[in-house]
Amino acid sequence: MTAGILGTGYYVPERIITNKELEKTVDTTDEWIRTRTGIEERRIAADNEFVSDMGVRAAERAIQSAGIRKEDIGLVITATITGDNPWPASAALIQKKLGLGNTPAFDISAACSGFIYGIDIARSMVESGRYKNILLVAAEKLSSVTDWSDRNTCVLLGDGAGAAVIGPVETGGILSSVIYSDGASREMLYQPAGGSAMPATEETVKNKMHYLKMDGAEIYKLAVEKMPQALDEALKTAKITSEEVDFVIFHQANIRIIKSIAKRFKWPDEKNIINIQRYGNTSAATIPIALAEAVEQGRIKKGDIVAMSAFGAGLTWAGSIVKI
Ligand code: ACO
């Protein structure tokens with residue numbers, strides 16, 4: 001049995017913050033952000049809008065596009081690093097809000113690679129025959145862990161959600177998925193406080209330890225090394241050449257990273273799905289938002305071969321080839 005993507009959906013919050021608006025709050029310019037990152041604006045969730053709310057909106061659209069009933073879902077997996085609470089899982093909240101009875105639900109924490117990690121897990125579970133239809137939701141409210149006074153990070157991040165239903169397919173499907181991690185370099189990109197290593201205290205709040213910290217330059221170097229490696233392996237495993245790929249979706253962290261890797265694989269701009277200019281980096285949600293948006297616009301069609309690759313906190317990296 002082969003697993004494939006049966007349907008996709010996405011949701012982004014209404015509120016838009018432009019680069020120009022950020023010029024008023026931190027020492028930055030629209031010009032710097034556009035040229036160094038490719039970002040023009042990002043979406044920010046409302047105060048009362050959380051990961052589970054955005055995830056449910058994306059999930060409903062994915063279930064509808066898959067043409068199944070929500071009762072047909074056997075398992076809910078949510079990829080997030082900014083869940084409604086540190087625990088329990090946001091997947092359980094999404095399960096409850098969708099009215100899925102006692103359907104099992106759990107979260108995975110693989111940051112920007114979370115959606116491809118989810119594909120790898122869901123694929124194995126469908127292909128083993130254990131579950132039929134799995135709802136994979138990737139949702140982030142990065143604005144809740146953003147230090148809005150830090151120009152190094154606040155210009156990069158945004159909120160949103162993407163979802164996919166993974167189930168058995170007759171043709172095509174998930175041709176390969178590879179996932180990796182390196183815990184030794186975890187402090188290059190992490191949230192220092194709020195876990196058992198550094199529980200919340202007055203000090204941690206005062207010292208802004210509950211916000212995302214990133215060594216951008218080092219992450220950049222590793223991202224341009226590891227994503228092509230994962231893609232190479234995913235292509236070889238799928239027995240697909242780079243010329244056969246119809247579309248590529250990279251994790252949307254920096255346009256320079258995206259374009260330089262696409263160039264190495266000789267993928268022209270028409271094949272490269274890019275939405276970083278409108279949404280910034282929404283961590284796990286970036287790839288499924290881009291995928292669902294391209295499907296909705298009719299750009300990605302049934303039978304197209306899509307290559308995906310991500311790199312992020314953990315550190316984690318991943319690649320997957322899917323025939324839609
Ligand atoms: N506006 C103006 N200047 C800025 C800004 C800003 N918003 N941010 C940084 N600068 C300054 C820096 O302070 C530095 O100034 P200095 O030389 O006086 O110290 C200068 O610009 C250059 O800084 P660099 O860090 O070298 O800038 P770079 O071109 O590398 O771009 C960036 C920084 C955009 C962060 C880049 O390194 C990057 O994209 N890194 C990878 C991010 C990534 O892939 N993250 C993984 C996923 S995130 C996740 O998992 C949640």
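Residue pairs whose Cβ atoms lie under 6 Å apart, separated by 6 or more positions or on different chains, with the first residue in segment 265-293 and farther than 20 Å from A234 by Cα and the second among the polar types (S, T, N, Q) and open to solvent by 10 Å² or more (accessible area, probe 1.4 Å), are A292/T8. Among the residues that make up segment 54-69, is at least one of them hydrophobic (A, V, I, L, M, F, W, C), over 20 Å from the mean Cα position of the chain (by Cα) and not assigned by TED's automatic domain parsing to the domain that holds P288? Yes, segment 54-69 contains a residue that is hydrophobic (A, V, I, L, M, F, W, C), over 20 Å from the mean Cα position of the chain (by Cα) and not assigned by TED's automatic domain parsing to the domain that holds P288.
Note on segment 1-86: no enclosed strands (runs of 3 or more DSSP E) hold 3 or more residues that are free of Cβ contacts under 8 Å to residues at least 60 places away in the same chain, open to solvent by less than 40 Å² (accessible area, probe 1.4 Å) and away from the ligand (no atom under 12 Å from the Cβ). When segment 263-283 is limited to residues that are among the basic types (K, R) and either open to solvent by less than 80 Å² (accessible area, probe 1.4 Å) or under 15 Å from the mean Cα position of the chain (by Cα) (or both), the one that is farthest from C154 (Cα to Cα) turns out to be K271. Close Cβ contacts (under 9 Å, 6 or more residues apart or on different chains) running from residues in segment 122-144 that are assigned by TED's automatic domain parsing to the domain that holds I44 to residues that are acidic (D, E) and open to solvent by 10 Å² or more (accessible area, probe 1.4 Å) comprise K132/D72; N133/D72; A139/D53; K141/E49; K141/D84. Flag: A200 matches the condition of being over 22 Å from the mean Cα position of the chain (by Cα) and either assigned by TED's automatic domain parsing to the domain that holds T282 or part of a helix (DSSP H, G or I) (or both).
Applying the set (1) of a type outside the set (A, V, I, L, M); (2) surrounded by fewer than 16 Cβ atoms within 10 Å (Cβ to Cβ); (3) over 19 Å from G314 (Cα atoms) to S196 leaves exactly one unmet item: (3). If you go through segment 102-140 and keep only what is closer than 16 Å to A89 by Cβ, open to solvent by 20 Å² or more (accessible area, probe 1.4 Å) and away from the ligand (no atom under 12 Å from the Cβ), you end up with N102, T103, P104, A105, F106, D107, I108, Y117, I121. Taken as a whole, the condition of being outside any loop (DSSP other than H, G, I, E, B), touching a residue at least 12 places away in the same chain (Cβ under 8 Å), open to solvent by 20 Å² or more (accessible area, probe 1.4 Å) and hydrophobic (A, V, I, L, M, F, W, C) applies to L93.
Among the residues of segment 291-305, the one identified as crowded, with 24+ Cβ neighbours inside 10 Å and closer than 19 Å to A230 by Cα is L291. For segment 204-223, filtered to residues that are assigned to a helix (DSSP H, G or I) and more than 9 Å from the ligand (Cβ to nearest atom), the residue that is surrounded by the most Cβ atoms within 10 Å (Cβ to Cβ) is T204. Looking only at residues of segment 144-172 that are crowded, with 22+ Cβ neighbours inside 10 Å and more than 16 Å from the ligand (Cβ to nearest atom), we find that the one that is farthest from the chain's Cα centre (by Cα) is G167.
The values are calculated or read from the model by the stated rules, or taken from the named source; none is laboratory data. From a predicted model like this one, the values you see are computed outputs, not experimental measurements. All Cβ positions, even for glycine, are placed from backbone atoms using ideal geometry, and neighbour counts span all protein chains on display. The area values use the complete protein model at the heavy-atom level, side chains included, leaving out ligands, DNA and RNA. Shrake-Rupley method; radii C 1.70, N 1.55, O 1.52, S 1.80 Å.
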